[in-house]
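Asks: I have a structure here, written as structure tokens, and I will follow up with some questions on it.
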Amino acid sequence: MRRIKPKYINELAALLLTAALLAAGLYQAGIALMPGRDDFGSTWGDFLQEDRDSIDVLFFGSSMVYCDVCPGIIYDESGLTSYVMAGPEQTMPVTLAYVRETLRTQSPEAIVVELTGLFFDEYTGFSKVNVCYMPFGLNRIRAARACEKGLMTTALFPLYDFHSEVFPEPGAEPPYQHPDARMLAGYTPVDGRETMGEPWERTFTTQFGDDVYSRSRSALEEIAALCERKCVRLICYFAPCYNQVPALWRENVLGSLDGALDLSDLGEVIGVDKSADWYDVLHFNQKGAARFSAWWASYLTEQGVAHTHDCDQALWQQRADYFRAGR
């Protein structure tokens, strides 16, 4: 057996070290150059600016959460601090990674999960946004593994898929930045009004009971187990909307989740105006979100969720005043 000469070992070690340094440099460059994100979900940069252990309630899910739940209103109505850590078409396995990551810096009294993500396909088209704005670490890797093939490369080297945003074409408009992002706490206000008729069933690629659903359900069970270990109350719900998860599917899910809520048809109960409060068939506009968020403030208080965390009261009062002025 031929022995490798020491000089070749040194050359190989130098080559491997160079490759590792190059990879680390490319990753750091990608992180540094990626455009900021302060609305429409996955707002990790803003979330990580919150004071440690200052949030009472964390909300997770898809756009049916970040367009519908306004932490400023919840604080104004109840004194509870909350944050929306949802992402566009966020699947339940990615939600699991989000829950794990948020619990590294926050110790909420309650976690609220919207359940429509149980039926999202693994390949939603928004995976790179949901994953690549996460802090680098094990949870980001877990989220990437739960998504389509090839996303791991983007998770490790963001420039691979975000080059057009990092290096836009000459004359392209700069990325939009919300002027009051600090006030949003993960909420995305949308303007517009659509008059609603009768609800109907939404069509999904994923079907109740198939492999994708089973993996999503397992992720939800892991979220429940994690909340139990952390002594965090878990509240699950189907969001109000007019393009709804089929009723039989909702019944099956809710029947196996203690205390889960079906809010699909709750618009009238919480006083939502069909002609004024909807942006489209899935999302509230700002008026509707204010009503729904006030309902959450009342419900959470009735359930015994209390404000127990030290927080920047001046900031939260600013958030409350910001949305009160816009009602």
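Asks: Can you bin the stretch 182-327 into rounded, prolate or oblate? Criterion: square roots of the alpha carbon gyration tensor eigenvalues sorted a ≥ b ≥ c, rounded for a/c under 1.5, prolate for a/b above b/c, oblate for the rest.
Replies: Oblate, because a/c is 1.5 or more while a/b does not exceed b/c.
Asks: Now a separate question. In terms of solvent-accessible area of protein heavy atoms at a 1.4 angstrom probe, what is the ranking of 52, 250, highest value first?
Replies: Result, largest first: 52, 250.
Asks: If I model a spin label as a point 7 Å beyond the Cα along the Cα-Cβ vector, how far apart are those points for residue 324 and residue 53 in nm?
Replies: Each label point is offset 7 Å from its Cα along the Cβ direction, giving 3.0 nm.
Asks: Mind ranking 187, 123 by accessible surface for me, highest first, 1.4 Å probe?
Replies: 123, 187
Asks: How charged is the neighbourhood of residue 120? Take every other residue with its Cβ under 13 Å from the Cβ of residue 120, and add Lys/Arg as +1 and Asp/Glu as -1. Mind showing how you got there, number by number?
Replies: Numbers: positive: 202, 215, 217; negative: 89, 114, 121, 122, 148, 210.
Within the 13 Å Cβ shell, the charges total -3.
Asks: While we're on this one: Which order do 149, 128, 287 take when ranked by solvent-accessible area (1.4 Å probe, heavy atoms of all protein chains), largest first?
Replies: Details: 149 195, 128 55, 287 115 Å².
Result of the area sort, largest leading: 149, 287, 128.
Asks: Give the shape of the stretch 68-123 as rounded, prolate or oblate, defined through the alpha-carbon gyration tensor: a ≥ b ≥ c are the square roots of its eigenvalues, a/c under 1.5 means rounded, and otherwise the shape is prolate if a/b is larger than b/c and oblate if not.
Replies: Oblate.
Asks: If you don't mind, another one. For residue 128, which aspartates and glutamates qualify as cross-link partners when the Cα separation must be under 15 Å and same-chain residues fewer than eight apart are set aside?
Replies: Cα-Cα hits under 15 Å: 89, 148, 161, 165.
Asks: What whole-number distance in Å separates the alpha-carbon centres of the stretch 260-312 and the stretch 111-154?
Replies: 26 Å
Asks: Residue 228 accessible area, nearest 10 Å², 1.4 Å probe?
Replies: Result for residue 228: roughly 150 Å² accessible.
Asks: With each label point set 7 Å from Cα along the Cα-Cβ vector, what nm distance links residue 104 and residue 148?
Replies: Distance between label points: 2.6 nm.
Asks: Tell me, what HN-Hα J-couplings in whole Hz come from the Karplus equation 6.51 cos²θ - 1.76 cosθ + 1.60 at θ = phi - 60° for each residue of the stretch 185-202, using x for Gly and Pro?
Replies: Each residue's phi maps through the Karplus curve to give 6, x, 7, 10, x, 10, 9, x, 8, 10, 7, 8, x, 9, x, 9, 7, 7 Hz.
Asks: Also: Using the basic label-point model (7 angstrom from Cα toward the beta carbon), what is the residue 258 to residue 221 distance in nanometres?
Replies: Distance between the two pseudo-spin positions: 1.6 nm.
The values are calculated or read from the model by the stated rules, or taken from the named source; none is laboratory data. These figures come from a predicted structure and were not determined experimentally. Note: ideal-geometry Cβ built from the backbone for every residue, glycine included; neighbour counts use all protein chains shown. What goes into the accessible areas is simple: the full protein's heavy atoms, side chains included, and nothing from ligands, DNA or RNA. Shrake-Rupley method; radii C 1.70, N 1.55, O 1.52, S 1.80 Å.
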